[in-house]
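Structure first, then comments.
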Amino acid sequence: MVVDRHPDRLKLVEEIGAIPIDDSKVDPVEAVNEMTMGLGADNGCECVGYQAHDVEGNEHPNMTLNRLVQSVRFTGTIGVVGVYIPQDPGASDELAKQGEVVFDYGQFWFRGQTMGSGQAPVKKYNRRLRDMIAGGKANPSWIVSHELSLDEAPDAYEHFDNRDDGWTKVILHPSGANA
């Protein structure tokens, strides 16, 4: 199950065989719990970070974390790969400005969940993943929406940051030539 509200990304979710949940149309906690007979997902992954926001566009840095606590089963695991920074002067509230979020620790503790977080250990996996791609065992290119020259990076970043339709992942080619 993948929660999102952008039609282009929800379409990709379906294409890889996952279940899309459009949180602009349904409560994602209720949807996950309904699909799991009230048990919750075995595991959940927070991939948004401090920029999580509601359907109206209001920033809620803790929204995804707290929704995961409610939709992951008792003793389940939550991974946090979304970016949370120590300080965000432009944040929506005073806590977030200090890199803090209101987290439902009581419910997290009661459910006996575990959480792992931090930046991906790229050096631990990069050679193995490269070999899987080269050997045809993994094909991550399905997520790439654009291949552009390095000169086009500012425009591409703006589209990606705005979550414009069809901008999922961008590959930049320093030489300007598309692969």
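If the condition is being free of Cβ contacts under 8 Å to residues at least 24 places away in the same chain and assigned to a strand (DSSP E or B), then the range 53-71 contributes only His53.
With respect to the conditions (1) touching a strand residue (DSSP E or B) at 6+ places or on another chain (Cβ under 7 Å); (2) acidic (Asp, Glu); (3) more than 22 Å from Ala120 (Cα to Cα), Glu15 falls short on a single one, namely (1). Yes or no: Gln98 surrounded by 10 or more Cβ atoms within 10 Å (Cβ to Cβ) and touching a helix residue (DSSP H, G or I) at 6+ places or on another chain (Cβ under 9 Å)? For Gln98, the condition - surrounded by 10 or more Cβ atoms within 10 Å (Cβ to Cβ) and touching a helix residue (DSSP H, G or I) at 6+ places or on another chain (Cβ under 9 Å) - is not met.
The set of residues from the range 30-52 being surrounded by 15 or more Cβ atoms within 10 Å (Cβ to Cβ) and not in a helix (DSSP H, G or I) comprises Thr36, Gly40, Ala41, Gly44, Cys45, Glu46, Cys47, Val48, Gly49, Tyr50, Gln51, Ala52.
Suppose we filter Asp88, Asp151, Asp155 for residues that are surrounded by 10 or more Cβ atoms within 10 Å (Cβ to Cβ), in a helix (DSSP H, G or I), touching a residue at least 24 places away in the same chain (Cβ under 8 Å) and not hydrophobic (A, V, I, L, M, F, W, C); which single one remains?
Asp151
Looking at the range 168-175, is at least one residue assigned to a loop (DSSP other than H, G, I, E, B), out of contact with any helix residue (DSSP H, G or I) (no Cβ under 7 Å at 6 or more places or on another chain) and not hydroxyl-bearing (Ser, Thr, Tyr)? Taking every residue of the range 168-175 in turn, none turns out to be assigned to a loop (DSSP other than H, G, I, E, B), out of contact with any helix residue (DSSP H, G or I) (no Cβ under 7 Å at 6 or more places or on another chain) and not hydroxyl-bearing (Ser, Thr, Tyr). Just to check your reading of the model, which residue among Phe103, Phe74, Phe108 is aromatic (Phe, Trp, Tyr), surrounded by 15 or more Cβ atoms within 10 Å (Cβ to Cβ) and either part of a loop (DSSP other than H, G, I, E, B) or not assigned by TED's automatic domain parsing to the domain that holds Asp161 (or both)? None of the other options fit; the residue is Phe108.
Restricting attention to the range 92-122, the residues that are closer than 19 Å to Cys47 by Cβ and at pLDDT below 90 total 7.
For the range 15-23, indicate whether the set of residues that are closer than 20 Å to Pro140 by Cα, at pLDDT below 95 and part of a helix (DSSP H, G or I) is non-empty. Yes, the range 15-23 contains a residue that is closer than 20 Å to Pro140 by Cα, at pLDDT below 95 and part of a helix (DSSP H, G or I).
Here Asn178 fulfils each of the conditions (1) surrounded by 11 or more Cβ atoms within 10 Å (Cβ to Cβ); (2) at pLDDT below 90; (3) not in a helix (DSSP H, G or I) apart from (1).
The values are calculated or read from the model by the stated rules, or taken from the named source; none is laboratory data. On a predicted model such as this, the values are computed, not experimentally measured, just so you know. Neighbour counts run over all protein chains shown; Cβ positions are idealised from the backbone, glycine included.
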